[in-house]
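Enquirer: Okay, handing you the structure first.
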Amino acid sequence: MPSFKIDTSTAVVFVATAPTPKLVNKQTGERAVDRETGAGLSTVGLLISDEGEGNLYQVTVPETGLPEGLTPGTPVSVVGLKARDWENEFNGQKRHGISFRATSVVAAV
């Protein structure tokens with residue numbers, strides 16, 4: 001499925017929830033990895049505010065793209081943010097949504 005770039009150049013971005021490892025299987029604890037680099041993936045909650053509207057996004061980022069010490073309230077910049085729609089069927093029930101992925105999250109200057 002295609003992905004779409006999201007321009008955050010005029011947005012104010014804060015960490016809402018600290019990064020946590022993204023798991024493939026919660027029962028076994030198997031961590032999701034980037035298919036290209038093999039780096040472990042994490043999910044970080046970001047509050048992105050632009051043009052008078054703020055939204056919370058759960059963004060997947062390779063662990064190599066996350067600095068140490070990201071805590072809620074930290075102002076950050078997002079590099080390479082993309083959105084992609086997804087759809088799957090589980091137990092005969094169709095589900096769909098939008099996933100967000102970034103190359104890195106860096107502390108704002």
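A short reminder: the numbers here are calculations on the coordinates, not readings from a lab. Remember, it's a predicted structure, so these values are computed and weren't measured experimentally. With ideal geometry, Cβ positions are generated from the backbone for all residues, glycine too; neighbour counts draw on all protein chains shown.
Enquirer: Restricting the search to region 19-35, which residues are closer than 21 Å to Leu46 by Cβ and charged (D, E, K, R)? Please lay out each step first, then the result.
Expert: The first filter runs over region 19-35 and keeps only residues closer than 21 Å to Leu46 by Cβ, leaving 19-23, 31-32, 34.
Result: Lys22, Arg31, Asp34.
Enquirer: A further question follows. From Ala18, Ala83, grab the single residue that is aliphatic (A, V, I, L, M) and touching a strand residue (DSSP E or B) at 6+ places or on another chain (Cβ under 6 Å). Steps first, please.
Expert: Numbers: Ala18 fails: touching a strand residue (DSSP E or B) at 6+ places or on another chain (Cβ under 6 Å).
Of the residues listed, the single one that is aliphatic (A, V, I, L, M) and touching a strand residue (DSSP E or B) at 6+ places or on another chain (Cβ under 6 Å) is Ala83.
Enquirer: Could you tell me which of the residues Arg35, Arg84, Arg31 is free of Cβ contacts under 8 Å to residues at least 40 places away in the same chain, surrounded by 12 or more Cβ atoms within 10 Å (Cβ to Cβ) and among the basic types (Lys, Arg)?
Expert: Exactly one of Arg35, Arg84, Arg31 is free of Cβ contacts under 8 Å to residues at least 40 places away in the same chain, surrounded by 12 or more Cβ atoms within 10 Å (Cβ to Cβ) and among the basic types (Lys, Arg), namely Arg31.
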